[in-house]
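Report on the structure given below.
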Amino acid sequence: MLDLPCSPAADRNKQPILDAFARIVGEQGTVLEIASGTGQHATWFAASMPQWTWQPTDADPRTLPALAARVAEAALPNLRPPLLLDVMSPQWPSQGHAFAEGGEGGEGEEQKFDAIYCANMLHIAPWPTCAALMQGAARHLRPGGLLITYGPYLEDDVPTAPSNTAFDEDLRARNAAWGIRRLEDVAAEARRAGLALRERHAMPANNLLLVFSFQ
Ligand SMILES: C[S@@+](CC[C@H](N)C(=O)[O-])C[C@H]1O[C@@H](n2cnc3c(N)ncnc32)[C@H](O)[C@@H]1O
């Protein structure tokens with residue numbers, strides 16, 4: 001077994017997220033994961049949902065070798081090698097051929113996924129990544145496809161947990177462009193891109209799992 005980077009939080013939250021994810025999506029399909037990080041979610045979900053083909057990605061080229069190693073170690077037929085994908089790129093993925101139907105490589109129609117999954121990115125990236133995520137999801141979800149996001153959010157009518165207030169302050173001290181996002185602002189960006197917020201699931205440790213549908 002390789003000595004790969006490991007996020008304790010991802011180990012704690014992977015099963016509750018998987019339980020919610022499996023209830024929300026259908027029996028089978030393809031999922032594009034944005035901001036896979038260590039790949040703990042990708043390997044856990046792909047192993048648990050063999051009817052779903054999982055495409056992990058991340059924007060940080062430094063994380064890709066370890067992510068690729070974890071994916072290779074898992075050796076799952078439904079788990080694809082990771083790709084470099086910065087949501088801010090005008091074309092997804094960021095390098096190589098665009099996702100394209102039938103592997104046509106940039107020619108013709110962009111590939112559509114049944115679901116796009118993005119955990120814990122919006123608060124650890126500048127705010128414009130939210131609009132970019134929504135616009136990319138609109139380009140790459142089939143009609144009726146779902147964008148599922150997970151992480152902490154601020155809500156106008158829900159008191160913020162002290163742990164989330166402290167986390168927000170810590171994020172903003174580390175990088176002024178980071179910070180926990182207002183759910184209402186995220187939903188507005190989604191609407192602008194043609195996605196509608198359909199479900200809000202309260203998750204352990206004051207996180208939310210949000211489900212947006214495309215048309
Ligand atoms: C806290 S980690 C989350 C990893 C994993 N999803 C999880 O929940 O454990 C945040 C990830 O967001 C990625 N990220 C930051 N900016 C991004 C962008 N513009 N596009 C795609 N991913 C980005 C980082 O490279 C990092 O791997």
Single residue of G144, G179 found to be on the phi > 0 side of the Ramachandran plot and within 16 Å of the ligand (Cβ to nearest atom): G179
Restricting to the stretch 25-56, name every residue that is in contact with a His (Cβ under 8 Å, 6 or more places away or on another chain) and more than 10 Å from the ligand (Cβ to nearest atom). L32
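Could you grab me the full set of residues in the stretch 159-176 that are surrounded by 13 or more Cβ atoms within 10 Å (Cβ to Cβ) and either in contact with a Leu (Cβ under 9 Å, 6 or more places away or on another chain) or not charged (D, E, K, R) (or both)? Give the derivation first.
Of the residues in the stretch 159-176, the ones surrounded by 13 or more Cβ atoms within 10 Å (Cβ to Cβ) are 160-161, 164-165, 167-168, 171-172.
Once the filter is applied, which keeps residues that are surrounded by 13 or more Cβ atoms within 10 Å (Cβ to Cβ) and either in contact with a Leu (Cβ under 9 Å, 6 or more places away or on another chain) or not charged (D, E, K, R) (or both), the stretch 159-176 yields T160, A161, N164, T165, F167, D168, L171.
Those residues that are assigned to a helix (DSSP H, G or I) and either surrounded by fewer than 23 Cβ atoms within 10 Å (Cβ to Cβ) or aromatic (F, W, Y) (or both), I need them from the stretch 112-128; list them, please. Give the derivation first.
Going residue by residue through the stretch 112-128, those that are assigned to a helix (DSSP H, G or I) are 122-124, 128.
Scanning the stretch 112-128 gives H123, I124, P128.
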Return the only residue of L183, L154 being in contact with an Asp or Glu (Cβ under 6 Å, 6 or more places away or on another chain) and either among the aliphatic types (A, V, I, L, M) or over 16 Å from L210 (Cα atoms) (or both). L183
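Select, from S7, S94, S36, the only residue that is in contact (Cβ under 8 Å) with a residue 24 or more places away in the chain and under 14 Å from the mean Cα position of the chain (by Cα).
Details: S7 fails: under 14 Å from the mean Cα position of the chain (by Cα); S94 fails: under 14 Å from the mean Cα position of the chain (by Cα).
Every option except S36 fails the conditions.
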Qualifying positions in the stretch 131-154 - crowded, with 23+ Cβ neighbours inside 10 Å and either more than 26 Å from D19 (Cβ to Cβ) or modelled with pLDDT under 95 (or both): G136
Residue check, A72 against (1) outside any loop (DSSP other than H, G, I, E, B); (2) within 11 Å of the ligand (Cβ to nearest atom); (3) surrounded by fewer than 18 Cβ atoms within 10 Å (Cβ to Cβ), all met but one. Which one? (2)
How many residues are assigned to a helix (DSSP H, G or I) and aromatic (F, W, Y) when one looks only at the stretch 163-207? 1
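The values are calculated or read from the model by the stated rules, or taken from the named source; none is laboratory data. This one's a predicted model, so the numbers in the text were calculated from it and none came from an experiment. So basically every Cβ, Gly included, is an ideal-geometry build from the backbone, and we count neighbours across all protein chains shown.
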